[in-house]
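Working notes for the structure below.
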Amino acid sequence: MGGGAAGRGQRALFEDGDVAQAAGGELVGDSAGGRRVTGVALTDGRALPADIVVVGIGAVPNTGWLAGSPLAVRDGVLCDDGCVTSLPQVVAVGDVARVGGVRAEHRTSATAQPRIAVRNLLSGRTVEHARPLPYFWSDQYGSRIQFAGRRRKGDTVRIVEGSPQEGRFLAHYECDGVTTAALAVDMPRPFTRVRRELARADGLTTAVAGAESTVGVG
């Protein structure tokens, strides 16, 4: 999630919590002594001892019950930018909804999308779009990590407040001088400020893109 000084700052946070990180290799298997796992093997040849292995495999949307229905389903229920499915009288929200090509597995999908979905459902067509700014937070080892925005490959990272050495900082991800995302560790107020700025800019970009699409500007 990080990059540059921001990534090193996050790594230091985990190291201070006595967590060793093994980067640069992928998991290829495990070793077992009897019925208990004793370690894991990485593609770079390393073997790491382990008593317990927790594997994050992601989530699969539960759409099996929709098999055979006229709804378009592919890694979730396919929707336009307003949560409207392939059937105009049906809307979908939450983790199972692939809105505008993106399925966001976050509680904000379930809290922010319904209002927009209901408005479009009552209007009989898509009159409002759901494109909230991506955001998440996590408490790790006594520190709060917060991230918001749409970080893209190639964005540069700049520390604007605090420093990784202090254990608290705010970092901006930038492209051509424009802030695209922000990462903070124990900087709640500065982060909230930049998150609001990103949301305003993101909303303006969405509105302009929608207007251009309406008038056929390519």
- request: Test Val28 against the criterion of being within 22 Å of Phe136 (Cβ to Cβ) and of a type in the set (A, V, I, L, M), and give yes or no.
  value: no
query: Does the range 34-42 include one or more residues that are closer than 30 Å to Arg125 by Cβ and either among the hydroxyl-bearing types (Ser, Thr, Tyr) or in contact with a Phe, Trp or Tyr (Cβ under 7 Å, 6 or more places away or on another chain) (or both)?
result: no
task: Report yes if some residue within the range 148-161 is under 17 Å from the mean Cα position of the chain (by Cα) and of a type in the set (A, V, I, L, M, F, W, C); otherwise report no.
output: yes
- request: List the strands (runs of 3 or more DSSP E) that sit entirely inside the range 25-102 and contain at least 2 residues that are exposed (fewer than 13 other Cβ atoms within 10 Å of the Cβ).
  value: 27-33
- prompt: If you go through the range 106-117 one residue at a time, do you hit one that is touching a residue at least 24 places away in the same chain (Cβ under 8 Å), surrounded by fewer than 17 Cβ atoms within 10 Å (Cβ to Cβ) and under 23 Å from Pro188 (Cβ atoms)?
  reply: yes
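None of the figures in this text is laboratory data; all of them are computed from the coordinates on show. Here the structure is a predicted model, which is why all the values come from computation and not from measurement. FYI the Cβ positions are ideal-geometry reconstructions off the backbone, even for glycines, and counts take in every protein chain you see.
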